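Enquirer: Quick one: the structure is below, questions incoming.
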Amino acid sequence: MDDLVRNLPDIIKAAASSNLGIVALMLILLAGLSYGFFRKSKEGWRFAALVLMFIGCMSFGYAAFRSALQLNIPAQNTNLSAITDSWIAAAEATKAAKTIAPEDQLPTPLLSARNAFEVSWKQASLSDRKTLDAEKTSKALSYLNRLYRTTENDSSLKPNAMFWADEAIRHFEETQNRRFLTEAILDKAAIYLEVAQLSNNDKQQFESVAKDGAAIMIKAYQTANESQRSSVLRITSRFYYNLARPKSFRLSDDWDNNYILLSYEKARAAYELAPTETKNANQLARTTIKASKNPPQDTDKEWVKKLREAQQILKAAWKLNQPELVGLDQRLSPLNVLGVSTIETVAREWNSLTRAEKALRAVGYVSELEADALSPLREAVVLLQNSELRQSYGFDLYYDIARAQAVKVAIISTISTLRAKKEFSELKKNFLAAKEYAKLSQLEAAANDIAKENTFGLLTNEYRAELRKLLSVDAN
């Protein structure tokens, strides 16, 4: 019942997208009104009302049938190929213009082309659909799915996107086309990942989506060709990463080591197949960070080397590809992961050095933190300012900036106490900025983790006590 109430807006929205759905909603409403009016009436009156409603429905149906027979209905446009071409052209024109956002009204030409394709596709027989070029079919169904993913951005069900993803899978299963079947499965996997993002705080739905996603990726791996295998492995890694989350859903707790190491292995395999792909380098760094913080890897020196290697791989891929990565969705994650990867790498390496080695390498580490941790994280914060994701990720980004500054303070304190104090003042400003976006649970977790967190752990006891005070709920 709780699930029904929570998803009721999505159910009504999905029903209202078709004429039959609207009729169904009207009947439900009429039934509710009838119950309200006649629940206390005598049995005879209730029966009479039922008879009158039945006669009214039959009369309406007969009148609609007679009207339909008298209408001069034009022949349906059954040229599926031409309609498909029009839909693809409209979708690609809009894609090139980069004018579609979740909250925007769809352009009329795009909406008309989409509706025409939907109607034509549903009316066409399998033999008619098979006459279409397979690549054209894949592109048309994929564009439809992606458009609905955009318009249903805030829906945890994404009913239309899911319908067309399943439609594409069914079609390519029937036509036995392995290449485009894999592409269709990848489109459905993308929906699962977006739903997981929306259900970030719903433990039951999050785990269910992660399991469903991991299951369909097994099938995708079986049907994928060599050029698709890298994408399949990377997305599989993302589902295993989600499954590795702590059962407590408190991200600072230990993660499931079996799943996180499996996620790392899949990300590594994806990178080795396509080493210049930014998404592969990003996922490899992301899984390496989390795996390296999990026992027993958190005390294993080999994982310090793996951290450094993954950080360098992502840094090189970002430098190579960033001119082509212009959208928020293309830049935000690699900027964040590069920053965090640098923080973790420098913190682990610094902690393992002798006093003499620290004196030699302090200046280099400070420069690296500024260039490869703080600079990317600051850019990520700026990107978020005009995004609906600002509230969701504001705490994480400012908290990571504070973590980078904590490592910087620890390193600078070996050079100049005065400089370290000034840097700590900047750290506190970012702590307060993080606090503005934080939920109560995040504040409590952050305060409890200051002593054991590997970056804040490098600070003096006095500094850590000051940070705990800043994070307290009562602090101004």
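The values are calculated or read from the model by the stated rules, or taken from the named source; none is laboratory data. The shown structure was predicted, so the numbers you read here are calculated from the model rather than taken from an experiment. Methodologically, a virtual Cβ is constructed for each residue, glycine included, from the backbone with ideal geometry; neighbour enumeration extends over all protein chains shown. These accessible areas exclude ligands, DNA and RNA; they are computed on the full protein's heavy atoms, side chains included. Shrake-Rupley method; radii C 1.70, N 1.55, O 1.52, S 1.80 Å.
Enquirer: Exactly one condition in (1) open to solvent by less than 60 Å² (accessible area, probe 1.4 Å); (2) of a type in the set (A, V, I, L, M, F, W, C); (3) under 30 Å from Phe206 (Cβ atoms); (4) without any contact (Cβ under 8 Å) to a residue 40 or more places away in the chain is false for Ile100; which is it?
Expert: (4)
Enquirer: Moving to a separate point now. Residue under question is Glu388, and the condition is that it be open to solvent by 60 Å² or more (accessible area, probe 1.4 Å), under 31 Å from the mean Cα position of the chain (by Cα) and within 30 Å of Asp104 (Cβ to Cβ); does it hold?
Expert: Working: open to solvent by 60 Å² or more (accessible area, probe 1.4 Å): yes; under 31 Å from the mean Cα position of the chain (by Cα): yes; within 30 Å of Asp104 (Cβ to Cβ): yes.
For Glu388, the condition - open to solvent by 60 Å² or more (accessible area, probe 1.4 Å), under 31 Å from the mean Cα position of the chain (by Cα) and within 30 Å of Asp104 (Cβ to Cβ) - is met.
Enquirer: Go through segment 193-228 and give me each residue that's at pLDDT 95 or above and of a type in the set (Ser, Thr, Tyr).
Expert: Within segment 193-228, Tyr221, Thr223, Ser227 qualify.
Enquirer: Can you name every residue in segment 248-259 that is within 14 Å of Lys211 (Cβ to Cβ) and in a loop (DSSP other than H, G, I, E, B)? Can you show your working first?
Expert: Taking segment 248-259 first, the residues within 14 Å of Lys211 (Cβ to Cβ) are 256, 259.
Within segment 248-259, Asp256 is the sole residue that qualifies.
Enquirer: I'm checking my understanding of the structure. Among residues of segment 195-222 that are under 13 Å from the mean Cα position of the chain (by Cα) and open to solvent by less than 60 Å² (accessible area, probe 1.4 Å), which one is nearest to Leu251 (Cα to Cα)?
Expert: Among those that are under 13 Å from the mean Cα position of the chain (by Cα) and open to solvent by less than 60 Å² (accessible area, probe 1.4 Å), it is Asn200.
Enquirer: Across segment 246-262, what is the number of residues that are surrounded by fewer than 13 Cβ atoms within 10 Å (Cβ to Cβ) and of a type in the set (S, T, N, Q)?
Expert: 2
Enquirer: Would you mind stating whether Asn351 is of a type outside the set (Asp, Glu), more than 18 Å from Gln283 (Cβ to Cβ) and exposed (fewer than 14 other Cβ atoms within 10 Å of the Cβ)? First the steps, then the outcome.
Expert: Working: of a type outside the set (Asp, Glu): yes; more than 18 Å from Gln283 (Cβ to Cβ): yes; exposed (fewer than 14 other Cβ atoms within 10 Å of the Cβ): no.
Taking the combined requirement at face value, the residue does not satisfy it.
Enquirer: Given (1) charged (D, E, K, R); (2) closer than 16 Å to Asn351 by Cβ; (3) surrounded by 24 or more Cβ atoms within 10 Å (Cβ to Cβ), identify the lone condition not met by Arg308.
Expert: Unmet for Arg308, out of (1) charged (D, E, K, R); (2) closer than 16 Å to Asn351 by Cβ; (3) surrounded by 24 or more Cβ atoms within 10 Å (Cβ to Cβ): (3).
Enquirer: I'm trying to understand the selection: among the residues of segment 79-107, which are farther than 23 Å from Asp166 by Cα and assigned to a loop (DSSP other than H, G, I, E, B)?
Expert: If the condition is that a residue be farther than 23 Å from Asp166 by Cα and assigned to a loop (DSSP other than H, G, I, E, B), then Asn79, Lys98, Thr99, Ile100, Ala101, Glu103, Asp104, Gln105, Leu106, Pro107 are the ones that fit.
Enquirer: Are there any pairs, at least 6 apart or on different chains, whose C-beta atoms fall under 7 Å, with the first in segment 374-395 and farther than 18 Å from Lys435 by Cα and the second surrounded by fewer than 16 Cβ atoms within 10 Å (Cβ to Cβ), and if so, which?
Expert: Leu383/Leu328; Ser387/Leu328
Enquirer: Please tell me if Glu349 is closer than 19 Å to Arg234 by Cβ and at pLDDT 95 or above.
Expert: Values: closer than 19 Å to Arg234 by Cβ: no; at pLDDT 95 or above: yes.
So Glu349 fails the test.
Enquirer: For residues that are part of a loop (DSSP other than H, G, I, E, B) and either under 23 Å from the mean Cα position of the chain (by Cα) or of a type in the set (Gly, Ala, Ser) (or both), tally how many sit in segment 276-301. Show your work before the answer.
Expert: Let us first name the residues in segment 276-301 that are part of a loop (DSSP other than H, G, I, E, B), namely 276-277, 294-296, 300.
Filter once more, keeping what is either under 23 Å from the mean Cα position of the chain (by Cα) or of a type in the set (Gly, Ala, Ser) (or both): 276-277.
Counting residues in segment 276-301 that are part of a loop (DSSP other than H, G, I, E, B) and either under 23 Å from the mean Cα position of the chain (by Cα) or of a type in the set (Gly, Ala, Ser) (or both) gives 2.
Enquirer: With respect to Ala380, determine if the residue is small (Gly, Ala, Ser) and crowded, with 21+ Cβ neighbours inside 10 Å. Give the derivation first.
Expert: Working: small (Gly, Ala, Ser): yes; crowded, with 21+ Cβ neighbours inside 10 Å: yes.
The answer is yes for Ala380.
Enquirer: Mind checking which residues of segment 414-440 are among the aliphatic types (A, V, I, L, M) and crowded, with 19+ Cβ neighbours inside 10 Å?
Expert: Filtering segment 414-440 down to residues among the aliphatic types (A, V, I, L, M) leaves 415, 418, 420, 427, 432-434, 438, 440.
Those that are among the aliphatic types (A, V, I, L, M) and crowded, with 19+ Cβ neighbours inside 10 Å: Ala420, Leu427, Ala434, Ala438.
Enquirer: Scan segment 398-413 and give yes if some residue there is loosely packed, with under 14 Cβ neighbours inside 10 Å and either under 22 Å from Leu471 (Cα atoms) or among the aliphatic types (A, V, I, L, M) (or both), otherwise no. Even if it seems obvious, please write down each step before you answer.
Expert: Let us first name the residues in segment 398-413 that are loosely packed, with under 14 Cβ neighbours inside 10 Å, namely none.
Checking segment 398-413: not a single residue is loosely packed, with under 14 Cβ neighbours inside 10 Å and either under 22 Å from Leu471 (Cα atoms) or among the aliphatic types (A, V, I, L, M) (or both).
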